[in-house]
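K.L.:
Please read through the structure below; I'll follow up with questions.
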Amino acid sequence: QVQLVESGGGLVQPGGSLRLSCAASGSGFSMYTMRWFRQAPGKQREAVAAITTGGSTNYADSVKGRFTISRDNAKNTVYLQMNSLKPEDTAVYYCNSGGLGLSIATRGPYWGQGTQVTVSS
């Protein structure tokens, strides 16, 4: 079992930055690909980024060049650095674990509770 807790969301102006964190407890963090998903009001949950145990990364086209995913296996934590934020990035951001591979769309069985990101002037 893996428990995930996200933090770092908030209100930011367009063009601003935020850094999300996802702290994992339980066993197996370093064994799994970690992913970030997001869900905007009235829309389906969509994949944002993935990072494998070896540090390989993959991103949705909509965030390439603006978002960076990273992980610290010693701290059981995955991060999402978000720069040049746009209003369309507004969503609840979820951390996901338990899957393998580099596809951003694979959904592992473990989810955090989500953290709200609002981009607005």
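K.L.:
Please list, in order, the residues from segment 57-77 whose amide nitrogen is less than 12 Å from a point placed 7 Å along the Cα→Cβ vector of L102.
P.N.:
Only 57-59 pass the distance filter.
K.L.:
Would you please state the base-10 log of I(q)/I(0) at q = 0.13, 0.14 1/Å for the chain, with intensities from the Debye formula using one equal scatterer on every alpha carbon?
P.N.:
-0.43, -0.50
K.L.:
Cut-off under 17 Å on the C-alpha distance; same-chain residues fewer than 8 positions from K86 excluded. Which aspartates and glutamates are left, in chain and number order?
P.N.:
Straight-distance partners of K86: E46, D61.
K.L.:
For the chain, what % of the accessible area comes from carbon and sulfur atoms, probe 1.4 Å? Write down the numbers at each step before the final one.
P.N.:
Numbers: 2760 of 5780 Å².
Whole-percent figure for carbon plus sulfur exposure: 48.
The values are calculated or read from the model by the stated rules, or taken from the named source; none is laboratory data. Values in this document were obtained by computation on a predicted structure and should not be read as measured data. Neighbour counts run over all protein chains shown; Cβ positions are idealised from the backbone, glycine included. Heads up: the accessible areas ignore ligands, DNA and RNA and are worked out on the full protein's heavy atoms, side chains in. Shrake-Rupley method; radii C 1.70, N 1.55, O 1.52, S 1.80 Å.
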